[in-house]
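The values are calculated or read from the model by the stated rules, or taken from the named source; none is laboratory data. Just so it is clear, the model here is predicted, and its values are computed rather than measured. Neighbour counts are summed over all protein chains in view; Cβ atoms, including those assigned to glycine, are modelled from backbone coordinates with ideal geometry. Just so you know, the surface numbers come from the protein's heavy atoms only, side chains and all, with ligands and any DNA or RNA stripped out. Shrake-Rupley method; radii C 1.70, N 1.55, O 1.52, S 1.80 Å.
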Amino acid sequence: MAFSVNTNAGAFIALQNLNKTNTAMDKTQNAINTGMKVSTAKDNAAIFAIAQNLRSNVSGLNAVKQSIDRALGAADVAMAAGQAVSDLLIEMKEKAVAAADKGQDSASRTALNDDFVQLRDQITSIVNNAEFNGLNAVKSGGDDIVAILDDTASSTLTIGAQDLSLGGTVVKLTASSGIGTQSTALAVVTNLEDSLKNVNASLSKLGSGAKRLELQKSFVTKLSDTIETGIGNLVDADLAKESAKLQSLQVKQQLGMQALSIANQQPSAVMRLFQ
């Protein structure tokens with residue numbers, strides 16, 4: 001080994017090793033502080049890019065769940081309105097059948113008609129107020145219920161609007177229907193039968209659409225959870241492993257500093273050659 005006061009190769013090597021240890025310690029401490037082994041692109045550019053893309057997917061799926069929740073709310077309100085209309089039609093049928101009885105006196109038929117009119121008008125009240133977040137799927141010219149199904153909003157599910165208003169395509173009764181006479185009561189009974197069938201068919205469409213929304217929501221939730229688990233597998237740190245590594249690096253740091261101190265003393269040994 002050559003003795004030189006100008007160049008201390010041993011100190012250079014010791015310093016390089018100490019710097020490597022310090023760099024590794026900084027990385028380990030960052031993993032412990034953040035809980036992530038890849039927290040920036042500097043840690044691992046490829047893994048960081050993959051994780052960011054997956055986070056973007058999760059963010060999009062969160063929007064999908066919100067869209068489905070809104071659609072389910074609108075569908076639930078529409079179904080509640082449809083069920084209420086169906087119940088009213090059943091009650092109105094009872095009044096109409098009673099009024100169609102030839103043995104019914106005029107006073108009783110008038111009382112039945114008064115009840116019938118109130119029930120009829122209640123249908124209009126229910127239909128006009130069956131609104132959720134500004135959307136009404138059961139009024140005349142109502143809105144379709146639409147939900148996005150994927151994180152790019154390229155796929156949607158539409159539940160068609162059902163016109164449950166009086167005189168519409170579903171409810172055959174009109175705003176002027178009544179059972180004041182035996183003949184009109186007979187005609188109303190026929191319209192009520194048709195209306196009940198149509199309303200139940202509309203409820204079936206709304207219900208099947210809502211069921212599909214629930215299934216899609218369940219799938220999206222599981223998909224989002226799975227992707228988040230995958231992100232964790234890519235970027236999360238094993239804290240038990242990092243803790244053990246930190247203790248090892250702390251020992252190496254102390255030894256490295258001692259080695260550097262010894263190497264820095266080497267040039268002074270040259271002085272003993274001249275004693």
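Of all residues in the stretch 240-262, none are over 30 Å from T28 (Cβ atoms) and surrounded by fewer than 16 Cβ atoms within 10 Å (Cβ to Cβ). Of the set (1) within 30 Å of V146 (Cβ to Cβ); (2) open to solvent by 50 Å² or more (accessible area, probe 1.4 Å), all apply to V58 but (2).
Determine which single condition S202 fails, assuming it passes every other condition in (1) surrounded by fewer than 16 Cβ atoms within 10 Å (Cβ to Cβ); (2) closer than 15 Å to A74 by Cα; (3) among the hydroxyl-bearing types (S, T, Y). Going through the list (1) surrounded by fewer than 16 Cβ atoms within 10 Å (Cβ to Cβ); (2) closer than 15 Å to A74 by Cα; (3) among the hydroxyl-bearing types (S, T, Y), S202 breaks only (1). Being open to solvent by less than 70 Å² (accessible area, probe 1.4 Å), closer than 20 Å to D194 by Cα and of a type outside the set (G, A, S) is the filter here; which residues of the stretch 79-112 pass it? M79, V85, L88, L89, M92, K93, K95 - these are the residues of the stretch 79-112 that are open to solvent by less than 70 Å² (accessible area, probe 1.4 Å), closer than 20 Å to D194 by Cα and of a type outside the set (G, A, S).
The set of residues in the stretch 32-78 being out of contact with any helix residue (DSSP H, G or I) (no Cβ under 6 Å at 6 or more places or on another chain) and of a type in the set (A, V, I, L, M) consists of A45, A46, A49, I50, A63, A74, V77.
The set of residues from the stretch 150-180 being open to solvent by 20 Å² or more (accessible area, probe 1.4 Å) and under 30 Å from L54 (Cα atoms) comprises D150, D151, T152, A153, S154, S155, T156, T158. Condition first: modelled with pLDDT under 75, open to solvent by 80 Å² or more (accessible area, probe 1.4 Å) and farther than 29 Å from A11 by Cα. Can you find one or more residues in the stretch 214-226 that meet it? Scanning the stretch 214-226 turns up no residue that is modelled with pLDDT under 75, open to solvent by 80 Å² or more (accessible area, probe 1.4 Å) and farther than 29 Å from A11 by Cα.
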